[in-house]
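Notes to accompany the following structure.
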Amino acid sequence: MARPEKIRLGDLLIQQGVLTEEQLKFALEEQKRSGRKLGRIVVESSFATEEAISRALARQLNAPFVDLKQFNPNPELINLLTEAQARRFRAVVLGEIHGHLQVGFVDPTDLQAYDDILRLTRREVELAVVAESQLLALIDRVYRRTDEISGLARELTEDLGDVPVEFGELLGAATGAEEAPVVKLLQTVFEEAMRTRASDIHIEPQERSLRVRFRIDGVLYVQMEADSKIASALALRLKLISGLDISEKRLPLDGRFAIKVRNTMVDVRISTMPTQFGESVVMRLLNQNTGLLGLERLNMPAPVLERLRKAVRRPSGMVLVTGPTGSGKTTTLYATLAELNTTEKKVITVEDPVEYRLPGINQVQVHEKIDLSFERVLRSALRQDPDIILVGEMRDQMTAEIGMRAAMTGHMVLSTLHTNDVVSTPIRLLDMGVPRYMVALSLQLVLAQRLVRLVCENCAESYTPTPNEREWLRYELGDTVDRQHYQRGRGCAHCGGTGYQGRTAVYEMLEMSNDLVEALNGEDLALFVQAARRQMAGETLRRDAVRQVVQGRTTVEEAMRISVQFED
């Protein structure tokens, strides 16, 4: 393709009917006043979409428009340009056509960018047109910053040398050294964590190295291996940021801080723990720009959602959400609170920690060091005349008993408990020492949940389950197992090669009917278990997970990983 010609964008958009004369006049005046690009003004004024402008440019130049939302790049080709070059030129290598490179440009009339890419790649270039927002999203997906992070780690290693880290030096650096290697390294780690949708960052000193891992969609992935001598510098800097005692290395410490990453406010919960080779640091990232999900967006089966809403709108009783750590229990409880939070209701939460700040709700952070325990806060909360109480977790007998008494005396109590399934939850409360009559009278409903990873929509493909998977599915699907359609992710740039992107929850529910209350009050708990399973009629975590498999939303492997096995 010949070198592109310079085009007057405004005239082009008028010729192709994308803009009216009046709209162009307004946009040109705004461009003269603000100095911003004409295309950006047109989009922000809602005169035309980015895609409409890009398609108009493509038609004028007789070049293809490439929709990057469905594009899976070739890593070898796309890396012919570095991330910095792709962002500077607003261009990315899309593929090869007849020995030439196909390069997608946001502005295909940018002659300087075109010439620079010719010089850098030493290949002939075929023009394509792409939308800017799609290009930036693609760059975020495909350019991993592992090399940059490793380089910064090496720089920090050289900066520290073989001399032990001095508190005074890093304290001095804390006040004004934005370019210090430790600061740049941490900043880049946080940026990459946000880019990859990581929920946790693990900084783990080993005998001869320092390992940094990200938890993405519930699974840990190694992000970087570095020299172990930088571990103490990173831990010290993070302690300074979160206001922890930098001189204490023998005891676990917990704290939190807020940072701004790529124009996004992030709350960070930090936990340090002394290990054999240094302090291990784990940070949970809570994106404050991500709005709370409503109950209708939590993927609950319709009957489960209807019964949950009915239960929590009762004037009193206890509703428990159960599951292991990281199964989304807090998200479900906050979504429930968001529905119940009205000016007519007083809501108090007792949490450790307060994960999300909810307007109009009285949230209390437990602080064991000053004896502000769950038990103490809960007793005080009852004197505040609440209608609804959320207790972060039923951790011990006393907390459970106070919560149960509150549920029996006119309060709706929401809380969590770590159990495998709904049937074992009332029995777990009894094992904690809660009187049987309290459990029977106050517990209204138990919801158990797990999170399964979703098949990446951009690389989903059909596959045939293994013989072992088929037998597992047969338990729920019977003879229809071979008539179903199954999907998995092939692995692409959108999902980081994992085949999964995002997660959704699967559920099971147990509502305490009169028959179950009577069985729980009896001497033989096996009868309660049998009655509970009859009432559930097979609507278990396992069955809900299989539904997600049949719908093509997750894989058999994921369903098998999270499901609880039930005896007949």
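Ignoring any ligand, DNA or RNA, what whole percent of the accessible area of the chain comes from carbon and sulfur when the probe is 1.4 angstrom?
Roughly 48 percent of what the probe reaches on the chain is carbon or sulfur.
Beyond 31 Å, what share of the Cα-Cα pairs of the chain is found? Please give it as a whole percent.
Result: 62 percent of Cα pairs exceed 31 Å.
Per-residue HN-Hα couplings for the stretch 243-253, Karplus 6.51 cos²θ - 1.76 cosθ + 1.60 at θ = phi - 60°, whole Hz, x for Gly and Pro?
Each residue's phi maps through the Karplus curve to give x, 8, 6, 6, 8, 9, 10, 9, 10, x, 10 Hz.
To check you understand DSSP bridge types, tell me what percent of the beta bridges within the stretch 224-368 (both residues inside) are antiparallel, rounded to 5.
That works out to approximately 85 percent antiparallel.
Subtracting the Cα-Cα distance from 0.36 nm times the residue separation, let me have the gained length for His100 to Glu539 in nm, one decimal.
Result: 152.4 nm gained on full extension.
Antiparallel versus total DSSP beta bridges in the chain: what percent is that, nearest 5?
Of those bridges, close to 65 percent are antiparallel.
Tell me the label-point distance for the pair Arg33, Ala302, using the 7 Å Cα-to-Cβ offset, in nm and rounded to one decimal.
5.1 nm
Over the chain, average the accessible area per residue using a 1.4 Å probe and give it in Å², no decimals.
49 Å²
Along the stretch 314-322, what does the Karplus equation 6.51 cos²θ - 1.76 cosθ + 1.60 (θ = phi - 60°) give for ³J(HN,Hα), rounded to whole Hz, x for Gly and Pro?
5, x, 8, x, 10, 10, 10, 10, 10
What do you get for the angle between helix 181-195 and the principal long axis of the chain? Use alpha-carbon atoms, 0 to 90 degrees, nearest ten.
The angle comes out near 80 degrees.
Taking the DSSP beta bridges in the stretch 287-409 as the whole, what percent of them are antiparallel, to the nearest 5?
10 percent
So which of Lys37/Lys69; Lys346/Lys369; Lys239/Lys329; Lys239/Lys345; Lys260/Lys310 end up more than 31 Å apart by C-alpha?
Result: Lys239/Lys345; Lys260/Lys310 exceed 31 Å.
Which of the GluC sites (Glu not before Pro) across the stretch 225-320 are loop residues per DSSP, with 15 or fewer other Cβ within 10 Å?
Answer in residue order: Glu248.
What order do Lys329, Lys369, Lys260, Lys345 take when sorted by accessible area (1.4 Å probe), most exposed first?
Lys369, Lys260, Lys345, Lys329
How high is the relative contact order of the stretch 45-149? Use alpha-carbon pairs under 8 Å, at least six apart in sequence, and give a whole percent.
This gives 33 percent for the stretch 45-149.
If you plug each phi of the stretch 206-219 into the Karplus form 6.51 cos²θ - 1.76 cosθ + 1.60 with θ = phi - 60°, what whole-Hz ³J(HN,Hα) values come out, in order, with x for Gly and Pro?
Working through the residues one at a time gives 10, 4, 10, 8, 10, 10, 10, 10, 10, 9, 10, 6, x, 10 Hz.
How much of Phe47 can a 1.4 Å solvent probe reach, expressed as accessible area in Å² and rounded to 10?
Near enough 50 Å² of accessible area.
So what is the 222 nm mean residue ellipticity for the chain from helices alone, if each DSSP H run of at least 4 adds -39500 (n - 2.57) and you divide by all residues, rounding to the nearest 500 deg cm²/dmol?
Per the formula, -12000 deg cm²/dmol.
Could you work out the local net charge near Lys329, counting Lys and Arg as +1, Asp and Glu as -1, over the other residues with Cβ closer than 15 Å to its Cβ?
Taking every other residue near Lys329 into account, the sum is -1.
Take every Cα pair under 8 Å in the chain that's 6+ residues apart, average their separations, divide by the length, and report that relative contact order as a whole percent.
9 percent
The values are calculated or read from the model by the stated rules, or taken from the named source; none is laboratory data. What you are looking at is a predicted structure, and each value in this text was computed from that prediction instead of being measured. Don't worry about glycine lacking a Cβ; one is built from the backbone with ideal geometry, like all the others, and counts go over all protein chains shown. The area values use the complete protein model at the heavy-atom level, side chains included, leaving out ligands, DNA and RNA. Shrake-Rupley method; radii C 1.70, N 1.55, O 1.52, S 1.80 Å.
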